[in-house]
Amino acid sequence: MKALLQRVTQAKVEVAGQTVGAIDSGLLIFLGITPSDNETIARKLAQRVAGYRLFSDAQDKMNLSLSDIEGGALVVSQFTLAADTNSGRRPSFSSAAPPAQAEPLYEAFVAELRRLTINVATGEFGADMQVALTNDGPVTFLLDTEKS
């Protein structure tokens, strides 16, 4: 499972011209799910995201987490994060979990963030979405459970 975190001052996601999720200061989280992922991995990654220190403290050091700043999280499913890009000029998506497996894991990730009292907005799983954001910094990190 991969979570691409972007620190934002605002972000929103639209489906068919309608805003389905929006946040102010916080994290835009693109979530990619692979066939080897499970609910335990989803919960652990959500806990890591909630506590990951990428917001500045009074000394301008990245010492504060999403939980610390009481920021929002906009979670968007993105199967392309799980793509195999190791060869050729076209990505292979065979390394992405099928929707029937991925959607419950996406929902488990979102539920765990909410359990941790994070204010969560979401995109629409499997939809063609347009995402708008103001990246703060820019600050972007990729958390990959395969490498941790």
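The values are calculated or read from the model by the stated rules, or taken from the named source; none is laboratory data. All figures in this text were calculated on a predicted structure; none of them were measured in a lab. Reconstructed Cβ throughout: ideal geometry from the backbone, glycine too, with neighbour counts over all protein chains shown. Heads up: the accessible areas ignore ligands, DNA and RNA and are worked out on the full protein's heavy atoms, side chains in. Shrake-Rupley method; radii C 1.70, N 1.55, O 1.52, S 1.80 Å.
Looking only at segment 86-106, which residues are open to solvent by 60 Å² or more (accessible area, probe 1.4 Å) and either in contact (Cβ under 8 Å) with a residue 60 or more places away in the chain or under 18 Å from the mean Cα position of the chain (by Cα) (or both)?
98, 99, 103, 104
Pairs please, first residue from segment 36-49 and among the acidic types (Asp, Glu), second anywhere and open to solvent by 70 Å² or more (accessible area, probe 1.4 Å) and modelled with pLDDT of 95 or more, Cβ atoms under 8 Å, 6+ apart in sequence or on different chains.
Close Cβ pairs (under 8 Å, with a partner that is open to solvent by 70 Å² or more (accessible area, probe 1.4 Å) and modelled with pLDDT of 95 or more) amount to 39/104.
Conditions first: (1) over 23 Å from residue 119 (Cβ atoms); (2) free of Cβ contacts under 8 Å to residues at least 60 places away in the same chain. Residue 67 passes all but one, so which condition is the exception?
(1)
Would you mind finding the one in 54, 81 that is modelled with pLDDT of 95 or more, among the aliphatic types (A, V, I, L, M) and either within 18 Å of the chain's Cα centre (by Cα) or outside any loop (DSSP other than H, G, I, E, B) (or both)?
After ruling out the rest, the residue left standing is 54.
Results for (1) at pLDDT 95 or above; (2) in a strand (DSSP E or B); (3) over 21 Å from residue 123 (Cβ atoms); (4) among the aromatic types (Phe, Trp, Tyr), shown as yes or no for each residue.
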site	(1), (2), (3), (4)
10	yes, yes, no, no
21	yes, yes, no, no
27	yes, yes, no, no
48	yes, no, no, no
63	yes, yes, yes, no
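Looking at 136, 128, which one is in contact (Cβ under 8 Å) with a residue 60 or more places away in the chain and farther than 20 Å from residue 10 by Cβ?
128
Can you name every residue in segment 107-140 that is open to solvent by less than 70 Å² (accessible area, probe 1.4 Å), under 24 Å from residue 60 (Cβ atoms) and not in a loop (DSSP other than H, G, I, E, B)?
Of everything in segment 107-140, those that are open to solvent by less than 70 Å² (accessible area, probe 1.4 Å), under 24 Å from residue 60 (Cβ atoms) and not in a loop (DSSP other than H, G, I, E, B) turn out to be 133, 134, 135, 136, 137, 139, 140.
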